[in-house]
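Please treat every number below as a calculation from the coordinates, not as lab data. Everything quoted here is computed from the prediction, not taken from an experiment. As a convention, Cβ positions derive from the backbone with ideal geometry for all residues, glycine included, and neighbour counts pool all protein chains shown.
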Amino acid sequence: TKNEIIDVTDKFPSNWTSEIFPGALQTAQYQDKFYGVPWILDTKYFFYNKDILKAAGVKSAPKTWDDVFAAAKQIKSKHIIQYPLIWSWAQAEAVICDYAQLLGAYGGQFLDSSGKPAFNTGGGLTALEIMKRSIDDGTTNPASAESLETDVVKIVSQGQAAMALNWTFMFSLANDPSQSQVAGNVVVAHTPSGPSGAAPGCNGSMALSIGSGSQHKDEAWKFIEFITSQDIQDQYAKLSLPIWKSSYDEPEVVNTLPEVVAVAKTQLNDMILRPQVPSYNEASAALQLEIQSALTGSKSPKQALDAAADAWGGLLQA
């Protein structure tokens, strides 16, 4: 680490590790130590338009990625909409988030146990192959390669996509009659699972930490304890769901967004982190570039990920 924030493991009450969602805890954890306290929670959920699925004769909501792609083919074959799937695959951090969920679902990992790039084999390679295949077979909207999460909201809200991954904010927007043509039809669900049953959502959470150079470390810790306390988090649940498991049984939390809260209770237990590496911005940019080269067909998925792994090798040794 760069020692820019302090280790707060000794300040962490032992009960917190059982009372806070595991997916939230990993936001503030590196190896076996805590460097902060999770504060704002978010993950990418699976969204689907129930009317489009019904019109295509899809009898039950997709639970696995195989279900998702089978449903997409069924929707396309019946000419309900041209492109059943929309993703945020632009050359930006957004594509890393979607890729991470597929990588995790198919048993992949960004780094192996020795800290070396591992995404160019196994589940990481499978994930990119699936992404490219879905563009080639016409189930994924080709505009995905230029889209961010806000673009996904727009296309879903226009009724031009049946299924998508996105952050919590999409549920309210896609179901707002003043902003969406399909309000009331967009359902939020747990992210689909891969062959082994793994179904992680990408961790988009934030933590509060204390700078190493702070002259008020004790006061900073007291503030963190206050702002992340269950009472305060529950009060602001409409803005960001709490980190505390028991909050999800409290009416003031449940009533903010009942549909999202019901899914969050399980999804927040199961999240995948983007890789914890010192040169993350550079590593992410290298992977974004190579994923884009695979999606546009200038390289095969294997060639693209091998190139990204080589770039990471140099960054991680620097």
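From least to most packed, judged by other beta carbons within 10 angstrom and beginning with the fewest, LEU125, LEU273 follow the order LEU273, LEU125. Highest mean packing comes first when the peptides 210-222, 92-104 are listed by Cβ atoms within 10 Å, giving 92-104, 210-222. May I ask you to derive the relative contact order of the chain, considering only C-alpha pairs under 8 Å and at least 6 residues apart, and to give it as an integer percent? For the chain, the relative contact order is 28 percent. Estimated from the Cβ-Cβ distance and a Förster radius of 25 angstrom, the FRET efficiency linking ASP51 and PHE169 is about 0.70. Peptides 298-304, 108-114, 184-190, ordered by how many other C-beta atoms sit within 10 Å of their residues on average, highest first, read 184-190, 298-304, 108-114. Highest mean packing comes first when the peptides 191-203, 166-178 are listed by Cβ atoms within 10 Å, giving 191-203, 166-178. How large is the dipole of segment 66-216 about the Cα centre if only Lys and Arg carry +1 and Asp and Glu carry -1, each at its Cβ, rounded to the nearest 20 debye? Dipole of segment 66-216, to the nearest 20 debye: 180 debye. I'd like the Karplus ³J(HN,Hα) series for segment 156-173: coefficients 6.51, -1.76, 1.60, θ = phi - 60°, whole numbers in Hz, and an x wherever there's a Gly or Pro. With coefficients 6.51, -1.76 and 1.60, one gets 5, 5, 8, x, 9, 8, 9, 8, 6, 9, 6, 6, 3, 4, 5, 4, 5, 5 Hz. Holding the Cα-Cα limit at 24 Å, pick out from LYS78/LYS302; LYS54/LYS154; LYS116/LYS299; LYS116/LYS302; LYS33/LYS116; LYS154/LYS265 the pairs that are longer than that. Long pairs (Cα-Cα over 24 Å): LYS78/LYS302; LYS154/LYS265.
Only one residue of LEU128, GLN101, GLY211 has its Cα farthest out toward the positive end of the dipole of the chain, where Lys and Arg carry +1 and Asp and Glu -1 on Cβ, and that residue is LEU128. On a per residue basis, the convex hull of the C-alpha atoms belonging to segment 1-74 measures out at 153 Å³.
For the pair GLN303 and ASP112, a Förster radius of 25 Å applied to the C-beta separation gives a FRET efficiency near 0.80, rounded to the nearest 0.05. Exposure proxy for THR228, THR121, THR17: other Cβ atoms within 10 Å of each Cβ, ordered fewest to most, give THR17, THR121, THR228. The candidate values are (1) 36; (2) 40; (3) 46; the one derived from this structure for percent of Cα pairs over 30 Å apart carries the label (1).
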